[in-house]
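Colleague: Quick one: the structure is below, and I'll ask about it shortly.
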Amino acid sequence: MSTRTIADGVWPTMITPFTAGGEIDYDALGALVDWYVGSGAAGLFAVCQSSEMFHLSLCERVRLSKECVRAAAGRVPVIASGHVSNALDDQIDEVRRIADTGVQAVVLISNRLAREYEDDEVFLRRLDRLVSALPDDVLLGFYECPFPYKRLVSPAVMRYGVESGRFGFLKDTSCSLDDMRQKIRIASGSTFKLFNANAATLLESLRCGAAGYSGVMANFHPDLYVDLVANHRSNPKHAERLQAFLGLASVIERQYYPVNAKYALSMEGLPLSTASRTRDPNGLTDAMKMEVQQLAAVAGAYRATPTA
């Protein structure tokens with residue numbers, strides 16, 4: 001059983017920088033890690049869907065995890081996913097190799113352990129086999145990844161995670177406060193923490209006991225999410241105002257992600273191109289770029305407003 005605990009706060013779902021030739025740009029990755037850390041992130045979630053993990057080879061996923069850990073240099077912990085295969089034996093190998101990179105936890109993709117039409121009995125049987133095949137000190141998490149289909153963590157699976165003592169992180173993508181409340185109740189008294197990926201419900205989920213935020217918008221203005229998570233109890237009026245902006249601003253993720261996030265990061269002075277393996281960067285139109293620029297301007301105005 002792992003005794004490590006995931007820190008409360010903001011865990012950005014990291015994008016992967018690519019060169020114009022389509023290779024991972026590790027120099028840009030180091031600058032990106034510095035930017036996340038400087039923004040106040042509690043930790044980094046590498047090798048996830050935002051990282052384009054389904055379009056990375058296993059060797060790339062393993063190296064990407066290692067390089068993120070190296071670049072973080074102990075300033076913040078790194079967790080990673082990356083088991084994308086269909087066969088369970090292959091997934092076990094993938095998880096073991098990611099676990100050996102020095103990450104704090106390996107986050108299991110919920111839709112990899114059962115097909116859409118298979119029930120919790122099948123899911124739990126495969127999950128138990130996977131967990132049993134790993135060293136006891138490997139801390140685990142769940143990620144309700146929307147691709148190739150979204151499979152939410154059920155109450156039975158949540159209880160398994162709590163009772164096993166092996167799980168410390170849940171990236172919740174339900175966008176449902178009722179669903180999150182139920183999961184938080186089940187995890188009460190344990191070190192299994194829920195991190196909300198949905199901006200619109202974030203403040204209310206924090207009030208219900210969520211441990212923080214882990215979503216794509218931390219690639220645009222992570223410091224504002226850090227502000228909300230840190231100050232939602234001590235300054236509720238400020239939190240309400242900030243939540244209204246963050247919830248509305250999050251619609252930008254439906255525009256042309258992750259290319260628009262890479263463009264936003266380049267505006268921050270980071271040496272990132274908009275190259276992607278999932279979308280043609282030329283699809284980011286001039287109008288879309290202006291929307292990202294205007295969003296950044298409004299975010300800047302919120303930073304300039306005192307919290308008191």
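Every number here is computed from the coordinates shown, using simple stated rules; none is lab data. This one's a predicted model, so the numbers in the text were calculated from it and none came from an experiment. Note: ideal-geometry Cβ built from the backbone for every residue, glycine included; neighbour counts use all protein chains shown.
Colleague: Ranked by Cβ crowding within 10 angstrom, fewest neighbours first, how are E291, E116 ordered? The partial results should precede the final answer.
Modeller: Numbers: E291 16, E116 9.
So the ranking, lowest neighbour count to highest, is E116, E291.
Colleague: Order 51-60, 167-176 from most to least packed using the mean count of other Cβ atoms within 10 Å.
Modeller: On the way: 51-60: 16.6, 167-176: 23.6.
Ranking, from highest mean packing down: 167-176, 51-60.
Colleague: Apply 1/(1 + (r/R0)^6) to the Cβ-Cβ distance of K237 and M288, taking R0 = 41 Å, and write down the FRET efficiency to the nearest 0.05. Numbers along the way, then the final one.
Modeller: On the way: r = 33 Å, r/R0 = 0.81.
FRET efficiency, K237 to M288: 0.80.
Colleague: When E240, E204 are ordered from fewest to most other Cβ atoms inside 10 Å of their Cβ, what list results? Provide the component values of the computation, followed by the final result.
Modeller: Working: E240 12, E204 15.
Placing the least packed residue first, the sequence is E240, E204.
Colleague: Using just the helices of the chain, give the 222 nm mean residue ellipticity in deg cm²/dmol: DSSP H runs with n ≥ 4 each add -39,500 (n - 2.57), and the total is spread over all residues, rounded to 500. Write out the running numbers ahead of the final one.
Modeller: On the way: 12 runs with 137 residues, N = 308.
Per the formula, -13500 deg cm²/dmol.
Colleague: Express as a percent, rounded to the nearest 5, the fraction of DSSP beta bridges in the chain (both residues included) that run antiparallel.
Modeller: Values: 1 of 24 bridges.
Within the chain, antiparallel bridges account for around 5 percent of the total.
Colleague: Taking the C-alpha atoms of the range 1-157, how large are the radius of gyration and the largest Cα-Cα span, Dmax, in Å?
Modeller: Expressed in Å, the Cα Rg and Dmax of the range 1-157 come to 15.4, 45.
Colleague: May I ask you to compute the full-extension gain from V122 to V298, defined as 0.36 nm times their residue separation minus their alpha-carbon distance, rounded to one decimal in nm?
Modeller: 58.6 nm
Colleague: Does the range 1-92 come out rounded, prolate or oblate by the C-alpha gyration tensor, with a ≥ b ≥ c the root eigenvalues, rounded set by a/c under 1.5 and, if not, prolate when a/b is larger than b/c and oblate if not?
Modeller: Values: a/c = 2.06, a/b = 1.10, b/c = 1.88.
Oblate shape, in that a/c is at least 1.5 and b/c is the bigger or equal ratio.
Colleague: State, as an integer percentage, the relative contact order of the range 22-118 based on alpha-carbon contacts under 8 Å between residues 6 or more apart.
Modeller: Details: 115 pairs, mean separation 26.5, N = 97.
27 percent.
Colleague: For the peptides 132-138, 224-230, what is the packing order when you average, over each peptide's residues, the other Cβ atoms within 10 Å and list the highest mean first?
Modeller: On the way: 132-138: 12.7, 224-230: 22.1.
Result, highest mean first: 224-230, 132-138.
Colleague: While we're on this one: How much FRET efficiency would the formula 1/(1 + (r/R0)^6) give for L177 and A133, where r is the Cβ-Cβ distance and R0 is 35 Å, rounded to 0.05? Write down the numbers at each step before the final one.
Modeller: Values: r = 35 Å, r/R0 = 1.00.
After rounding to 0.05, the efficiency reads 0.50.
Colleague: Over the C-alpha atoms of the chain, what are the Rg and the largest Cα-to-Cα span, Dmax, in Å?
Modeller: 18.5, 54
Colleague: Count neighbours as other Cβ atoms within 10 Å of each site's Cβ, and list the trypsin sites (Lys or Arg not before Pro) in the range 184-267 that are DSSP loop with at most 15 such neighbours. List each step's numbers first, then the result.
Modeller: Values: sites: R185, K193, R207, R233, K237, R241, R254, K262; in loops: R233.
Sparse-neighbourhood loop trypsin sites (Lys or Arg not before Pro): R233.
Colleague: Then there's this: For the range 250-308 and the range 128-186, write down the distance between their C-alpha centroids in whole Å.
Modeller: Spelled out, the Cα-based centre of one part sits 31 Å from the other.
Colleague: Now for a separate question. How much length would be gained if the chain were fully extended between E23 and E268, taking 0.36 nm per residue of separation minus their Cα-Cα distance, in nm to one decimal?
Modeller: Values: separation 245, 0.36 × 245 = 88.20 nm, distance 2.20 nm.
My answer for the length gained is 86.0 nm.
Colleague: Same structure again: Listed here are the pairs K193/K262; K150/K237; K150/K289; K66/K237; which of them are more than 31 Å apart at the Cα? The partial results should precede the final answer.
Modeller: Details: K193/K262 29 Å; K150/K237 34 Å; K150/K289 29 Å; K66/K237 41 Å.
Going by Cα-Cα distance, K150/K237; K66/K237 fall outside the 31 Å limit.
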